[in-house]
Amino acid sequence: MIRTIPRYLPALRVHTWGGFGSQLFTAYLILKIKERYPARRIKIVLHTSGVTKRLPEIIFDALGVRTHLIDDHKRNRGLQGAKDSPSSAGLNKSVRLKLLAMLEWSKLIQNANTDTSFESVRTWTLALRGHYTQLTIEKHLVGLLYEFLFSDFESDLYDKQGLAIHYRMGDLLVLHNKSPIAPSRVEGVVEKLEQAYCLNSILLTDSSSKDAACFLKKTKTLKYFKVENHESRATLKICAEADIFIGTNAKISIWAAIFRTFVFNKDSFLPTELSWCKIPGEYLDFY
């Protein structure tokens, strides 16, 4: 365990991409680093690049780390339009992969996606560049993260729900290679629940009420649900505290299930597309 680190060493740069759910995995990683390597200085590098521009939704400074924003969304879109010859593109990729392998071998860079990679972090490691989604989930760190997120949250602004459905639509409604979870699958779960849960229910989405209504108009039951669109933290709080939770293919759904498992000991339903997430199965069912 690294307890004493010379101050002249550069801070460990932890890169993060994606929206609120991805940033939560980064926040969890920060807590894990600070516990295991308490003397290590950390700098979060926030990237805006992605299919859509991703802005910071978590105040990482409150975790005792410095942050730096790189607005590379527009730049990467421009690069996607550049024309490289097939041989040049292949050569560049080959060189990058070899360079990355060398940097990982030397422990200068790790992806920290797994426990093995995290354990490979050394005093001289300069950067972590990954998605951080396959680290073992530890109960006490989840509790710390929940407190960090919601210690100042005015929960009385939102009613507790019998059933909360988090339905990711948003950009999935327009992308050619991805789509939202089929409504029939979600309805299949709803139909198996006790009617009492459905009397006080809500469907939370990242789309407008109009787009959600259009997407759900042919459903048997979901079209009658109260549909709301809140900011990410409120959405997560409502889903985490509901009596029953049904998630879809989104990292916010994963975190709702994580908090429900480790903080509230409550059941969650997630689609099989998220079966890779490392949540104990006692309170989790896949559909």
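The values are calculated or read from the model by the stated rules, or taken from the named source; none is laboratory data. Note that the structure is a prediction, hence the values are computed from the model and not measured. Here the Cβ is made from the backbone with ideal geometry for all residues, glycine too, and neighbour counts use every protein chain on show.
Residue 163 - would you say it is surrounded by 12 or more Cβ atoms within 10 Å (Cβ to Cβ) and outside the structural domain of residue 50 (by TED's automatic domain parsing)? Lay out the reasoning, then the answer.
Working: surrounded by 12 or more Cβ atoms within 10 Å (Cβ to Cβ): yes; outside the structural domain of residue 50 (by TED's automatic domain parsing): yes.
The answer is yes for residue 163.
Does region 55-70 contain at least one residue that is at pLDDT below 90 and among the charged types (D, E, K, R)?
There is no residue in region 55-70 that is at pLDDT below 90 and among the charged types (D, E, K, R).
Anything in region 165-180 that is among the hydrophobic types (A, V, I, L, M, F, W, C) and in contact with a Gly (Cβ under 9 Å, 6 or more places away or on another chain)? List them, or say none. Talk me through it step by step, then tell me what you get.
Start the filter on region 165-180 by keeping residues that are among the hydrophobic types (A, V, I, L, M, F, W, C), which leaves 165, 169, 172-175.
Within region 165-180, 165 is the sole residue that qualifies.
Please work out which residue is nearest to the chain's Cα centre (by Cα), limiting yourself to region 247-278 and to residues that are closer than 18 Å to residue 165 by Cβ and aliphatic (A, V, I, L, M).
Checked region 247-278; the qualifying residue nearest to the chain's Cα centre (by Cα) is 252.
Looking for whichever is free of Cβ contacts under 8 Å to residues at least 60 places away in the same chain, within 21 Å of the chain's Cα centre (by Cα) and buried (at least 22 other Cβ atoms within 10 Å of the Cβ) here; the options are 236, 204, 173. Which one fits?
Values: 236 fails: free of Cβ contacts under 8 Å to residues at least 60 places away in the same chain; 173 fails: buried (at least 22 other Cβ atoms within 10 Å of the Cβ).
After ruling out the rest, the residue left standing is 204.
Of all residues in region 181-200, how many are farther than 19 Å from residue 285 by Cα and surrounded by 14 or more Cβ atoms within 10 Å (Cβ to Cβ)?
Within region 181-200, residues that are farther than 19 Å from residue 285 by Cα and surrounded by 14 or more Cβ atoms within 10 Å (Cβ to Cβ) number 1.
Give me the residue from region 36-54 that is at pLDDT below 95 and over 19 Å from the mean Cα position of the chain (by Cα) and, out of that set, surrounded by the fewest Cβ atoms within 10 Å (Cβ to Cβ).
That would be 38.
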